[in-house]
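Notes follow the structure.
The values are calculated or read from the model by the stated rules, or taken from the named source; none is laboratory data. Values in this document were obtained by computation on a predicted structure and should not be read as measured data. Here the Cβ positions follow ideal geometry from the backbone for every residue, glycine too, while neighbour counts run over all protein chains shown.
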Amino acid sequence: MKNLKRIISIVAVMGIAVSMVFAGGASESKTAVDLDTPMTHDELVAAAKEEGTLTIYSHSSRTTTIADSFEKLYGINVDVTQLSDSEMIEKVSKEAMSDLDAADVVYCQDGSRVYPELIMTGYVMSYTPDNVKGNIIDPQYEDPLVWEVVNKVFIYNNENGGDQPLTNVWQLTEPEWSGRLQFKDPFSEAVNMNFFTMVTREDWAEKLAAAYKNLYGKDIELTTPNAGYEWIKMLYANGAVLGKSDTTIAENVGAKGQARQLAGLFTLNKLRTAEAKNLALAPAYNVEPFSGFMYPAYVFITKNAKSPNAAKLFIEYSMTEEGWVPFNTMGDYSPVSYLQDNSEDPLTLSDWASQLIYEDYQWCAEARADVEEFITSIV
């Protein structure tokens with residue numbers, strides 16, 4: 001039954017695109033833009049300037065900073081609109097189906113919806129600029145092209161020093177940690193729900209089962225389909241505190257003078273302002289079997305882009321040292337080898353990849369509905 005639900009959910013989305021083609025909908029009059037015609041850099045710049053304008057949808061306000069420097073360099077007018085994950089996907093889909101004036105470039109996250117609703121439908125296309133080809137540090141970031149990787153890590157209050165309090169994620173299900181872990185409600189942020197979906201994938205469930213045995217010296221007794229579901233169930237049962245924002249959670253966890261040491265699962269980039277806010281925060285490294293998770297933000301060109309050459313040029317520019325500057329901070333990582341110098345963080349993207357769960361958009365698209373249903377049943 002579960003497999004049937006997964007198949008139905010994906011096929012239903014594909015059916016929308018197929019039906020539009022055969023029903024003679026508005027979108028059939030607009031073929032996808034050509035991204036494969038070879039052009040030199042100078043030819044690309046000339047073609048982009050001839051188009052003159054560029055429209056971008058992005059999940060991050062910092063994209064505007066890149067756009068400002070791009071405008072000054074090339075004289076191309078750029079309009080950036082910041083959208084939430086759901087707003088982004090719905091807007092891009094609507095514009096693709098109705099052949100409305102649309103964005104040229106889309107920066108987005110939430111692979112569980114991006115995959116079936118934007119990629120499989122053909123509404124967006126992945127484009128890898130020449131300056132990036134051959135410079136991606138790991139194939140998992142190549143297709144579709146990942147613009148940045150963001151990590152959410154178990155972070156604890158370290159005001160009183162001492163050893164790292166977390167070495168195994170099962171500790172968070174023990175009475176000692178009751179009510180002391182905070183994270184953003186996964187029903188309010190898709191990437192968090194994708195994380196919980198990932199722990200139910202068989203390989204991570206097996207790692208969780210092994211971590212349980214390493215900690216307690218015995219096999220886990222399951223009351224759910226696998227150790228991933230069991231960990232989620234026990235985490236919630238142990239009084240996990242659900243927050244509304246990572247910023248607020250970081251401030252709650254890091255506040256000084258607390259009677260009980262707290263921990264949270266939130267974006268590492270909150271450590272950038274910890275000193276200014278007088279917060280005591282430290283990441284938990286090498287927790288068994290994971291210290292948190294990391295998720296990708298993708299960059300695409302839409303199938304009905306009005307300025308495809310300006311779009312290609314902008315993506316190329318955003319993945320240069322100059323273009324990457326607004327994102328070259330702790331907690332934001334480029335998959336491009338020549339953009340790995342981040343002095344704020346002692347760990348590189350490759351270092352974090354060995355400690356964190358990476359979002360598999362295909363698995364999340366297939367399995368997230370089951371996990372959402374499960375969490376709903378236990379809260």
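Some values worked out for this structure:
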{"item": "Filtered residue count, region 56-72, keeping only those that are of a type in the set (Phe, Trp, Tyr) and either assigned to a helix (DSSP H, G or I) or free of Cβ contacts under 8 Å to residues at least 40 places away in the same chain (or both)", "result": "1"}
{"item": "Unique residue being within 22 Å of ASP185 (Cα to Cα) and either more than 17 Å from the chain's Cα centre (by Cα) or crowded, with 18+ Cβ neighbours inside 10 Å (or both) when the list is PHE314, PHE374, PHE327, PHE300", "result": "PHE374"}
{"item": "Counted residues, region 201-241 - those being buried (at least 16 other Cβ atoms within 10 Å of the Cβ) and either of a type in the set (Phe, Trp, Tyr) or under 24 Å from SER377 (Cα atoms) (or both)", "result": "20"}
{"item": "Residues (in contact with a helix residue (DSSP H, G or I) (Cβ under 9 Å, 6 or more places away or on another chain) and surrounded by fewer than 16 Cβ atoms within 10 Å (Cβ to Cβ)) located in region 136-153", "result": "ASP138, GLN140"}
{"item": "Region 341-371 - residue that is of a type in the set (Phe, Trp, Tyr) and assigned to a helix (DSSP H, G or I) and, of those, farthest from ASP185 (Cα to Cα)", "result": "TRP352"}
{"item": "Single residue of ASP370, ASP351 found to be under 19 Å from LEU271 (Cα atoms) and not aliphatic (A, V, I, L, M)", "result": "ASP351"}
{"item": "Index of the failed condition, GLU50 passing every other in (1) at pLDDT below 90; (2) outside any loop (DSSP other than H, G, I, E, B)", "result": "(1)"}
{"item": "Selection count, region 74-112, where residues are surrounded by 19 or more Cβ atoms within 10 Å (Cβ to Cβ), assigned to a strand (DSSP E or B) and more than 18 Å from the chain's Cα centre (by Cα)", "result": "2"}
{"item": "Among the residues listed as ALA353, ALA369, ALA365, the single one being of a type in the set (Gly, Ala, Ser), surrounded by fewer than 21 Cβ atoms within 10 Å (Cβ to Cβ) and over 22 Å from LYS133 (Cβ atoms)", "result": "ALA369"}
{"item": "Filtered residues of region 330-350 (kept if crowded, with 19+ Cβ neighbours inside 10 Å and β-branched (Val, Ile, Thr))", "result": "VAL336"}
{"item": "Conditions (1) modelled with pLDDT under 95; (2) under 25 Å from GLU90 (Cβ atoms): number failed by GLY161", "result": "(2)"}
